[in-house]
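Okay, structure first, notes after.
Just so it is clear, none of the values below were taken in a lab; they were calculated from the coordinates. Predicted model, so just to flag it, every value in this text is computed and none were measured. Cβ coordinates were reconstructed from backbone atoms using ideal geometry, including for glycine residues, and neighbour counts include every protein chain displayed.
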Amino acid sequence: MVNLRDIENARKEIKDVIHQTPLLESELLNAQADRRIFLKAEHLQKTGSFKIRGAVNAVKQAVQKGAKSITAASSGNHGQAVAYIAGRLGIPAVIVVPEDANRAKVAAIEAYGGKVEYCGFTSADRIPRAKKLAEENDGVYIPPYDHPYIIAGQGTVGLEILEQLPDVDLIVVPVGGGGLISGILMAVKESKSNVRVIGVEPESGNDTFLSLEAGKIMAVSGSQSIADGLRTSQPGELTFPILQKNIDGIVLVTEEEIKFAMQFFIERTKQLIEPSAAAAVAAVLTGKAGEPNEKIAVVLSGGNIDLPALRTCLPD
């Protein structure tokens, strides 16, 4: 299992690539939520999301061990992050994307130097293909969340929050496959065990919530949430035990609550976040996360959104 030392080592590996993102505060957001909220601005991170942290750590480790190429299966933030760091290190990367991948996301992957290959429509199609390409090209497949180097890299978000806000009471984190919150949990619980960490999922993509209730990994399918970064079918084999042992709770938000949070955040802060990040904002705006007397850090996981699709992410 990933520990604090792994996260501290990851921080050394990635510090020359990533930004240490700021904690932002909005008086209007505080007033609306009746809470003191500090926003961890990973939407301002390299490649537009926290994913670059884990990707840099994992790709660097693979290259140090002799990998001649890198593959990933993703059409979104993970694919962009892997393509970016592979290009920076001068190693070829192939990102396997679905046949119906959004052209803007594909263009971003290509702009970072990644080669794109189309395969099927589900992760069950893409992942085997990406693994096969790695085998054929003396390379390494980099998964999006269920990998110790990925988890350790994402955990650096937690280290930064503790340094930037030493008296933080609660950290609110959007949950997809669990790589981000797992890393934050290990960073926080080994440093300041009294700090609470809760996750946020869309109601229609509540696989982690159901898994924690059942005490075992449960899968869901068919989620159409606008929070596309949170539409994983189940928690990871590595991430789930970390959540089971350490998480302080999961809250669920509706699509309308995510949309309201998106609109409120854009209008009041003049910054663009993606729906996955808005889910975490929704949790505090609705009062589902935190208490009025607490200092709450909300992780804005990313800001990559296709502008033509923005209208569908806002209230009707």
*HN-Hα J couplings of the range 296-312 from phi, Karplus 6.51/-1.76/1.60, θ = phi - 60°, integer Hz, Gly and Pro as x?*
10, 9, 10, 7, 8, 5, x, x, 8, 9, 7, 4, x, 8, 4, 4, 6
*Rank these for me by crowding, 233, 182, going from fewest to most other beta carbons within 10 Å.*
233, 182
*Show that you can apply the helix-only estimate: for the chain, add -39,500 (n - 2.57) for every DSSP H stretch of four or more residues, divide by all residues, and state [θ] at 222 nm to the nearest 500.*
-13500 deg cm²/dmol
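For the chain, give the magnitude of the charge dipole about the Cα centre (Cβ charges: +1 Lys/Arg, -1 Asp/Glu; no others), in debye to the nearest 20.
About 860 debye.
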*By how many degrees, 0 to 90 and rounded to 10, does the Cα axis of helix 77-89 deviate from the longest principal axis of the chain?*
50
*Can you give the extra length, in nm with one decimal, that the chain gains between residue 89 and residue 245 once fully stretched, where that is 0.36 nm per residue apart less the Cα-Cα distance?*
52.5 nm
*Karplus 3J(HN,Hα) series, Hz, for the range 148-163 with 6.51 cos²θ - 1.76 cosθ + 1.60 (x for Gly, Pro)*: x, 6, 5, 4, 4, x, 5, x, 5, 4, x, 4, 5, 4, 5, 6
*What angle, in degrees between 0 and 90 and rounded to the nearest 10, separates the Cα long axis of helix 4-14 from the longest principal axis of the Cα atoms of the chain?*
60
*Percent antiparallel among DSSP beta bridges (both partners in the chain, rounded to 5)*: 10
_For the ranges 82-95, 192-205, what's the packing order if you count other beta-carbon atoms within 10 Å of each residue, average per peptide, and put the highest first?_
82-95, 192-205
*Near the amide H of residue 197, under 5 Å away, which other amide H atoms are found, from residues 5 or more places off or on another chain, if H is placed in the peptide plane?*
171, 248
*asked:* Students often check this: by mean Cβ neighbours within 10 Å, which of 47-57, 265-275 ranks highest, and how do the rest follow?
replied: 47-57, 265-275
_Pairwise label distance in nanometres, residue 167 with residue 15, each label 7 Å out on the Cα-Cβ vector_ = 2.8
_Cross-link partners of residue 259 among lysines (Cα-Cα below 30 Å; sequence separation of 8 or more within a chain)_ = 40, 46, 51, 105, 270, 288, 295
*Net lengthening on full extension, residue 36/residue 103 (0.36 nm per residue, minus Cα-Cα)*: 20.3 nm
*Give me D for the range 51-141 in µm² s⁻¹, whole number, from Stokes-Einstein with Rh from the Kirkwood sum over alpha-carbon pairs, 10 °C and 1.306 mPa s.*
127
*asked:* Suppose a student asked you for the relative contact order of the range 51-141, using Cα pairs under 8 Å spaced at least 6 residues apart; what percent would you report?
replied: 33
*Dividing the alpha-carbon Rg of the chain by 2.2 N^0.38 Å yields what?*
0.92
*For the range 147-234, what is Rg from Cα atoms divided by 2.2 N^0.38 Å, rounded to two decimals?*
1.13
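Within 10 Å of each residue's Cβ, count the other Cβ atoms and sort 207, 34, 6 from fewest upward.
Numbers: 207 25, 34 13, 6 20.
Fewest-to-most ranking of 207, 34, 6: 34, 6, 207.
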_Residue order, fewest to most surrounding Cβ atoms within 10 angstrom, among 40, 189_ = 189, 40
